[in-house]
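To start, the structure under review is shown below, and the notes come after it.
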Amino acid sequence: MRTIGCASWDQTPATPCGMPCDRVHPSADDREKPDASYVSHQGDHVFDPSVQPWDTAVAPPPRDDTDPLVAARNGFFRGAGADVRGTAAGVPFSGDLTVLLEAEYGVRPCSVPSWKADALSREDTAVASLRRACRLAVPLTPEALLAHSHDGPRLAAVLTEMWPETVRRHGEQYAEETLRHMLLRGAPDAARTAFLLDCAESAGLRPLSAAEAAHHASCHDRGVRHAVWRYLHQLPDGITHLPGTGAAADPYERLLLQPQVLAGRDGWPATGIVVAQTMLQGALDTPGHGSSGGLSVLLGGLGDRLALSAGIGCVLTVVTSGHEELERDPLLLRERRPGHWVLRLPVDAAASPQPDEWPAHRAALAWWATRLLGALPRPVDLVHVRYGDDGSLALARAADRTGARLCFTATPDPHRNLARKHAEAGPEDAERAEVLRDDLHRVFCADRLVDRADAVVGIPGRPGTRDLLRYFPSLGTRYGPTGPAAPPEGIAPYVPAERETSLRQAMLEELFADGGRSDALSPDDRALPLLLCVGRLHPVKQQDLLVRTWLATELWRTSTLVVVGGSRERPTLHERRMRATFGPLVAGREAAARRLALVPAMPNDRIRRLERALADTANGVPAWYVCPSVKEEFGIAVLEAMEAGLPAAGPRRGGVPHYLRDGVNGILLDTGSAAGLARGLHRLASVPEERRRRMGQAARNTVTERYSVAEMAEALRAEYLAAIGERSQGGS
C-alpha cells in the first residue's frame, strides 16, 4: 500500500536476450506529471534526485554494519549510497553476492567490473533489473513486460507483481490488445501461452473469445489446458466450452471443471468480521508430517479461540490439498470448531507443494483462492498471510480481487543469515548460487507483501522485532523507531481426556515396550534421563545432528533419546533423507540403538499427553525436552513441552530466548555446530535432579502466566479491526 523510493534507476530492464528493451518507457501521461520520480533521457530511466519518496527523518543505518544485504537495502530504500562489499559478521563474502546485490539494488552504479557482469546469466540480469523496476513502480508497457514472460519462474513472479500496475497505467484495452496479438501471432511455447492466459484472467481481460480459447485447450500440455479452463470460467459463455467432468484425468481436474465446488456453507454468522488465516504448507491436523509443524498447532488453537472473540464473525484457516487428499476427501469447506472453518485450496500436485515449488503453482493458487473466497456466504474482510513466498503473494492477490484487507507477519528471514550462509557454503558448493538466488527471491516476495499489506505485524521477542527494522527499512518509515506491533504468541490450554491417567500410563508402556524396536525403548532403561525431541523431520530442525552428537558425546550410555516426527505412510523427500541418516549412525552399535526411539508423528493431543506423562515425577522418568533446530522463530513445540512441566533446551538463535531463561526454566543451546550442541548436552546432563525439577516447574509457570492463546487472539483481533477501520475510513 505504500511505495518507498530508492537511490537510482540506472539501467533499463533487459530483454531475454540480455539487451536493453527500447519498449520500456513511461507513458506520455506519466512524463507530463511534475511529481514523477524519474526523468526520461534518450529512452532511459534516470532517477531524479530532486524527488525523494523516502522519509528523510528516519535515521541512517549504523556505519559499522557490515552485512552487505543491510547495506544494499538501506542504500536503496533510504536514498543513500552504500558499499555492499566487505564482510558479513566477519565472514568475507565473494564476488557473485556482490554482483547480484549491486545488480538488484543499484547502490553503486558502474561498480561491477565487466568480467563479473559477464558472469551474470541473462535471467539474473533481467530479474535484478525488473525487481528494481517493480520496487520503483516503473510503468512498463504491456509489450515490454510480456517480452520477458518465458525467462524462468523467478522472473515470472516479478512480472506477475508488475502486471496489475501495467494494466492500470496503460489501460485495459491496450493490455487486452497486446495479449491478443501475442496469443494469435504464432505458436508460443506452452509455458508462455499459459502465462499470457493467466495474465488475462487475473486482470479480468478477454483477449480471446471462448471458442478461440477452447482451441488452445486441445494442447497436450497440462499447464496450458488448465490455464484455458481457468480463463473460460470468467467468460459469459465460457462454461459452455468446458468439457464435462468425465474428461477429467484426476480429482484436481474434476474440481477445476465443476461450475460450483463449495458445499457445507450453512451456519455462517450474520454479524462480525470474517478473517482468513493461511497455512499453505502442510496440513492443519497432522503436525510433524511433511511441512506441518508448530504453525499448524498455533493456527488450530488460534482459530478456535479467535472465532469466539468479540467482533469476529468466523475464522477461515486456508490450507492446500493435493491429489491424494482430494481423492480421499473432495469436500473443500468444513467447520472444525464452532465458528472456525477450514477451507482447502486444490493444488495440482500429489501433496501440498514445498516452499520452492510455489512459483509453479502461483497463478492457479491465486485463481482458486479468488474463486473460493468469492463463493463464501459472506465476503472475507481480512486475509492474514505468514510466509514471504509466492504462495502468500497468490493469497494477497486474491485478497485484493475480493476486496479483503491484507495482514502480513514479517520476519527477518532469510535476510539475517543470507550473507553468512552464502559465505560459509564455499565456492565449491554446487548449489550455492541457486540457494542465493532463492533467498534473494524470498526477500523480494517479503518486500512486496510489506508494500501491499494494510497491516504488518512481527513476531515477539528480540532480536526479531529489532531485525525487522534493520532488514526492512520501509517499516521504520511506516511505523516509527519501535517498528510494527508484535502480538504475543501462545498455546491453547490442554484439555485432558476422560481417562487421562490410564491413557498416560498406556503411552509410557508403549514407549518402553521393547528396546529391539526402532520406535520404542527397553523397559530396563525407564529410570534413565530421557531426551525428547518433537517436530517435522527437516534439515533446519537438525534431528540428525542431535542423534550424532548424542552418540559422539557418549550420552547414550547414561540417557535415552526419543525423536518424534515424520510420516510413516507417505514420507516426503526431506523425511526420507533424514531417516536415511539415522540407520548408519547406529549401525553396529546395538546398545546405543536400543536407547534411541524414532517415533512417527502423532496428533497434538497425544504429544501433549506424552509430555505430561514424562513430566509427572510419579512415573519415574527424568525427562528433558530438546530442540536442536538451527533457529526457531518462536517455538510452539518448546512452549508446549514447557507448559507440560518439562525443562527445555532450545536454540539461542531466533525467538526461544524471549521466554527461555538460561539456567532458570531451561538451557539455551548453541545449535550452530556439533561442538556447540555437545557442550549444551553435557551441561544438561550435569544438572542435578532437584534443580531439573525446579526448572520444569518454572517452565510451566512461564507459559501459563504469559503465553495464552486468548491473549494472542485478543491482540490480533485489535490489529484486524484497526486495519479494516483504517481502510473503511479512507486509509491506504
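Descriptive notes on the structure:
- Filter pass, Pro355 being assigned by TED's automatic domain parsing to the domain that holds Glu327 and either modelled with pLDDT of 90 or more or basic (Lys, Arg) (or both): no
- Output for the stretch 490-523, where each listed residue is among the acidic types (Asp, Glu) and within 26 Å of Ser559 (Cβ to Cβ): Glu509, Glu510, Asp514, Asp519
- Filter result (among the β-branched types (Val, Ile, Thr) and more than 21 Å from Lys541 (Cβ to Cβ)) within the stretch 294-318: Ile312, Val315, Thr317, Val318
- Leading residue by the ranking (farthest from Leu136 (Cα to Cα)) among those in the stretch 94-109 that are among the charged types (D, E, K, R) and at pLDDT 80 or above: Glu102
To keep it simple, each residue is scored yes or no on (1) of a type in the set (A, V, I, L, M, F, W, C); (2) over 23 Å from Gly322 (Cα atoms); (3) out of contact with any Ser or Thr (no Cβ under 6 Å at 6 or more places or on another chain); (4) in contact (Cβ under 8 Å) with a residue 60 or more places away in the chain.
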site: Trp163; (1), (2), (3), (4): yes, yes, yes, no
site: Glu172; (1), (2), (3), (4): no, yes, yes, no
site: His181; (1), (2), (3), (4): no, yes, yes, no
site: Ser202; (1), (2), (3), (4): no, no, yes, yes
site: His216; (1), (2), (3), (4): no, yes, yes, no
site: Arg225; (1), (2), (3), (4): no, no, yes, no
site: Arg230; (1), (2), (3), (4): no, no, yes, yes
site: Asp237; (1), (2), (3), (4): no, yes, yes, no
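- Residues within the stretch 357-412 that are in a helix (DSSP H, G or I) and either within 14 Å of Leu343 (Cβ to Cβ) or of a type in the set (A, V, I, L, M, F, W, C) (or both), tallied: 21
- Beta carbons closer than 9 Å, at least 6 apart along the sequence or on distinct chains, pair a first residue in the stretch 596-613 that is in contact (Cβ under 8 Å) with a residue 40 or more places away in the chain with a second that is surrounded by 22 or more Cβ atoms within 10 Å (Cβ to Cβ) and of a type in the set (Asp, Glu) for Asn604/Glu640; Ile607/Glu640; Arg608/Glu640; Arg608/Glu643; Glu611/Glu640; Glu611/Glu643.
- Residue count, the stretch 633-658 (criterion: at positive phi and over 18 Å from the mean Cα position of the chain (by Cα)): 1
- Residues of the stretch 553-570 classified as under 35 Å from the mean Cα position of the chain (by Cα) and either crowded, with 18+ Cβ neighbours inside 10 Å or closer than 18 Å to Gly583 by Cβ (or both), total: 9
- Here Glu569 qualifies as under 30 Å from Ala351 (Cβ atoms), among the acidic types (Asp, Glu) and free of Cβ contacts under 8 Å to residues at least 12 places away in the same chain.
- Restricting the stretch 571-606 to residues that are under 25 Å from the mean Cα position of the chain (by Cα) and part of a helix (DSSP H, G or I), the residue that is surrounded by the fewest Cβ atoms within 10 Å (Cβ to Cβ): Leu573
- Taking the criterion of being at pLDDT below 90, outside any helix (DSSP H, G or I) and of a type in the set (Val, Ile, Thr), the residues of the stretch 453-493 that qualify are Ile459, Thr482, Ile491.
- Listed conditions (1) part of a helix (DSSP H, G or I); (2) surrounded by 19 or more Cβ atoms within 10 Å (Cβ to Cβ); (3) charged (D, E, K, R) are all met by Arg420, apart from (2).
- Only residues that are crowded, with 17+ Cβ neighbours inside 10 Å, free of Cβ contacts under 8 Å to residues at least 40 places away in the same chain and part of a helix (DSSP H, G or I) were counted across the stretch 495-552, and they come to 0.
- Within the stretch 330-352, the residues that satisfy the criterion of being within 17 Å of the chain's Cα centre (by Cα) and at pLDDT 95 or above are Leu345, Val347.
- Check on Val562, among the β-branched types (Val, Ile, Thr) and either in contact with a Phe, Trp or Tyr (Cβ under 7 Å, 6 or more places away or on another chain) or modelled with pLDDT of 90 or more (or both): yes
- In the stretch 150-175, residue modelled with the lowest pLDDT [restricted to those that are of a type in the set (D, E, K, R) and more than 23 Å from the chain's Cα centre (by Cα)]: Asp151
- Failed criterion for Ser114 (all others in (1) touching a helix residue (DSSP H, G or I) at 6+ places or on another chain (Cβ under 7 Å); (2) modelled with pLDDT under 50; (3) not aliphatic (A, V, I, L, M) hold): (1)
- Residues within the stretch 225-250 that are in a loop (DSSP other than H, G, I, E, B) and not charged (D, E, K, R), tallied: 9
- Selection of the stretch 400-451 for residues being within 13 Å of the chain's Cα centre (by Cα) and of a type in the set (Ser, Thr, Tyr) yields Thr409, Thr411.
- Only one entry in Thr370, Thr320 is touching a strand residue (DSSP E or B) at 6+ places or on another chain (Cβ under 7 Å) and among the hydroxyl-bearing types (Ser, Thr, Tyr), namely Thr320.
The values are calculated or read from the model by the stated rules, or taken from the named source; none is laboratory data. Bear in mind the structure is a predicted one, so any value in this text is a computation, not a measurement. Reconstructed Cβ throughout: ideal geometry from the backbone, glycine too, with neighbour counts over all protein chains shown.
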